[in-house]
There are 2 protein chains.
Amino acid sequence: MARSGHDDRDTSPQDDAARAAWLYYVGGLRQDQIAEELGVSRQRAQRLVARAVADGLIRVRIAHPIASCLELERDLRARYGLERARVAPSVPGAPDPLVALAPVAAPELERIFLAEAPRIIALGTGRTLRAVVEQMQTIDAGRHKVVSVIGNVAPDGSASFYEVIMRVADKTAAPHYPMAVPVMARDRDEHRLYSGLPHVRNARALAKMADISIVGVGQIGQDAPLYVDGFITAAELASLEEAGAAGEICGHVFDAEGRFLDHPVNHNMVGLRVPHDGGPVLGIGAGVRKAAAIRAALAGGLLTGLVTDEDTAKLLL
Amino acid sequence: MARSGHDDRDTSPQDDAARAAWLYYVGGLRQDQIAEELGVSRQRAQRLVARAVADGLIRVRIAHPIASCLELERDLRARYGLERARVAPSVPGAPDPLVALAPVAAPELERIFLAEAPRIIALGTGRTLRAVVEQMQTIDAGRHKVVSVIGNVAPDGSASFYEVIMRVADKTAAPHYPMAVPVMARDRDEHRLYSGLPHVRNARALAKMADISIVGVGQIGQDAPLYVDGFITAAELASLEEAGAAGEICGHVFDAEGRFLDHPVNHNMVGLRVPHDGGPVLGIGAGVRKAAAIRAALAGGLLTGLVTDEDTAKLLL
DNA sequence: GCGTCTCATGAGTAATTGCTCATGTCTAGA
DNA sequence: TCTAGACATGAGCAATTACTCATGAGACGC
């Protein structure tokens, strides 16, 4: 066939990967055809396609809402009075519910950023949110502002691992306001110190004005993110469990009814409580282990929207 | 037509297809694993996945702008003073440039419909537009209105084949105003008759107020859509070519400089000329055979945006 | 300059997917 | 009731894709 004149003088490797993947997935060519087209060996074509997949260049969407998921969404909305609910079909055997969750949640975030009117968008952190943001497509959303509602420094002084706001800013070109202090203060004084820092005051003020918040939901227990990532000690964890902790949002711990605990851990969080003012809050999370935490958050009306997966949705209903 | 099942307790076949495809593409399961999961034979799993693809349920996007296409976009914008330009990587050997064009053009349309402020969106028709719309995802855009700028009845009295506006309305739930008369009148009197019909006057009035128009570009010649689809006779085609016709938009024929011809065919078109008022016009089209027509439209400043493919872009530059 | 390490490559091969065909089932019509 | 036709099914096989491994070309440090 007529090989289109490719004057590839300086194609980057990722460009090649993207092109190979395009020909493969969109064009429906076979890998040997792609190889010929690109003038490389068949193996290389295969590797380019595989690389595009591995690099996350490939986004697959299913343009058909699976009926049972739609039902779950409807039921979730009704049961918990949510404004929005999205349920991803679970992938059994997947090591992690994020595999299914992220591709469904990402468009929800894109949707928020596609709004024309400038908005202030508050962001939490965490592994879930990070994975979702990674799946977002880059969109031009410089009119919005993104602000973090939680500190970005881990207890050991390193940058918090599941940084979200910078990634979002990368994807959207939105001005961003991280909260450049530790997630937790050690005591009241330190909390006052951090809170009083000009840039923190600024971020907090902005976050309080947020038009919408996007957060993950953390479980409590031996696998609690707060504990696993070293933000709280085993003793604090035990104390929280003692106090009836069921989950946390942005580090703020609540009980099974979704009421924030009167507990030192909560007092020492430098970040804001979400929701701060009754504004919309989109929660994202799935997994058997998170189900109780999510249920608690829903029970307390802490969320106005939820993205989860099928299995979790069933547990919630 | 798709039977919109409320609660078909046993999943509809398309549901199964969508779920199988989800597990395959998103979950990364093998077809035999899917078969086990769904409790069907391996062949059936394979057929479900194949069916999902065939039914167009699978939408693949490559999250990486290929550098050479970006360059072409930039060059197109600069050369022709466009506000927007998108270039799809060509798929060599594809029977039709639409394979590549539609997946790139569809998000552009979605983008237009995602605008919050209510808009009036004028639509042309044609095979290209139809294929693109088919690829759009359904979005809730009831705040907008879509109006057709061209009649929807073929010369033989049948509904025009490449109906676009109804499909768009399906996808967006937008109120829609087709122009329910023949594309072309046979003479001045008939033109006056059609134009005077209340619903046509209404549609035309609305179309004149459109905030943006989305159109295909037709070539002139033996393969001219206008001719192939029977809107004009061989004699009219010859006469148009004689008069220097280079292309057409919504049936209105223009020369190589993009100036509309003073010709009976143009006079008899019941639809509106686009652009009617200098508003934005997004043109969609690709293919060697359309290149001259597109170049003419660009030369005449008839378009403010263009979606095309790599090969065509190169021809235009 | 030389060894070694990493990484890309292509060959060969295993695994997976897609296709064809013979067969079975269901429906409609005589 | 019987028969033809349309369609779904699973077996078997061909085509395609993915993986493993041995090799060689730079890159880097000694």
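The values are calculated or read from the model by the stated rules, or taken from the named source; none is laboratory data. The structure presented is a predicted model; accordingly, all values stated were derived computationally and were not measured. Virtual Cβ from ideal backbone geometry, glycine too; neighbours counted across all protein chains shown. Accessible surface areas use protein heavy atoms only, side chains included; no ligands, DNA or RNA. Shrake-Rupley method; radii C 1.70, N 1.55, O 1.52, S 1.80 Å.
Condition (residue is among the hydroxyl-bearing types (Ser, Thr, Tyr), open to solvent by less than 20 Å² (accessible area, probe 1.4 Å) and either in contact (Cβ under 8 Å) with a residue 12 or more places away in the chain or not assigned by TED's automatic domain parsing to the domain that holds B:Ile150 (or both)) applied to segment B:299-306: is it met by at least one residue?
Within segment B:299-306, the first condition is being among the hydroxyl-bearing types (Ser, Thr, Tyr), and the residues that meet it are B:304.
Filter once more, so that each one left must be open to solvent by less than 20 Å² (accessible area, probe 1.4 Å): none.
No: segment B:299-306 contains no residue that is among the hydroxyl-bearing types (Ser, Thr, Tyr), open to solvent by less than 20 Å² (accessible area, probe 1.4 Å) and either in contact (Cβ under 8 Å) with a residue 12 or more places away in the chain or not assigned by TED's automatic domain parsing to the domain that holds B:Ile150 (or both).
Scan segment A:26-43 residue by residue and report those that are under 16 Å from B:Val91 (Cα atoms) and more than 10 Å from DNA strand D (Cβ to nearest atom).
Start the filter on segment A:26-43 by keeping residues that are under 16 Å from B:Val91 (Cα atoms), which leaves A:26-39.
The answer is A:Val26, A:Gly27, A:Glu36, A:Glu37, A:Leu38, A:Gly39.
Just name the residue that is most open to solvent (accessible area, probe 1.4 Å) out of those in segment B:7-38 that are at pLDDT below 75 and in contact with an Asp or Glu (Cβ under 9 Å, 6 or more places away or on another chain). Show your work before the answer.
Of all residues in segment B:7-38, those at pLDDT below 75 come to B:7-12.
Now drop any that are not in contact with an Asp or Glu (Cβ under 9 Å, 6 or more places away or on another chain), which leaves B:7-8.
Details: B:Asp7: 98, B:Asp8: 55 Å².
Once the filter is applied, the top-ranked residue is B:Asp7.
B:Asp255 - would you say it is in contact with a helix residue (DSSP H, G or I) (Cβ under 8 Å, 6 or more places away or on another chain) and touching a residue at least 40 places away in the same chain (Cβ under 8 Å)?
Working: in contact with a helix residue (DSSP H, G or I) (Cβ under 8 Å, 6 or more places away or on another chain): yes; touching a residue at least 40 places away in the same chain (Cβ under 8 Å): yes.
Yes, satisfied.
For segment B:114-144, which residues satisfy the criterion of being part of a helix (DSSP H, G or I), over 17 Å from B:His176 (Cα atoms) and open to solvent by 50 Å² or more (accessible area, probe 1.4 Å)? Break it down stepwise before answering.
So the first thing to find is which residues in segment B:114-144 are part of a helix (DSSP H, G or I), and the list is B:127-135.
Checking which are over 17 Å from B:His176 (Cα atoms) leaves us with B:127-128, B:131-132, B:135.
The answer is B:Arg127, B:Gln135.
Restrict the check to segment B:159-168 and report whether at least one residue is within 14 Å of chain A (Cβ to nearest Cβ) and either buried (at least 24 other Cβ atoms within 10 Å of the Cβ) or within 19 Å of the chain's Cα centre (by Cα) (or both).
Taking every residue of segment B:159-168 in turn, at least one turns out to be within 14 Å of chain A (Cβ to nearest Cβ) and either buried (at least 24 other Cβ atoms within 10 Å of the Cβ) or within 19 Å of the chain's Cα centre (by Cα) (or both).
Residue under question is B:Arg19, and the condition is that it be more than 10 Å from chain A (Cβ to nearest Cβ), without any contact (Cβ under 8 Å) to a residue 60 or more places away in the chain and either more than 12 Å from DNA strand C (Cβ to nearest atom) or farther than 18 Å from A:Val53 by Cβ (or both); does it hold?
no
Can you tell me how many residues in segment A:39-62 are open to solvent by 30 Å² or more (accessible area, probe 1.4 Å) and more than 7 Å from chain B (Cβ to nearest Cβ)?
Final tally of qualifying residues: 13.
Restricting attention to segment A:63-113, which residues are open to solvent by 50 Å² or more (accessible area, probe 1.4 Å) and modelled with pLDDT under 90?
If the condition is that a residue be open to solvent by 50 Å² or more (accessible area, probe 1.4 Å) and modelled with pLDDT under 90, then A:Pro65, A:Gly93, A:Pro95 are the ones that fit.
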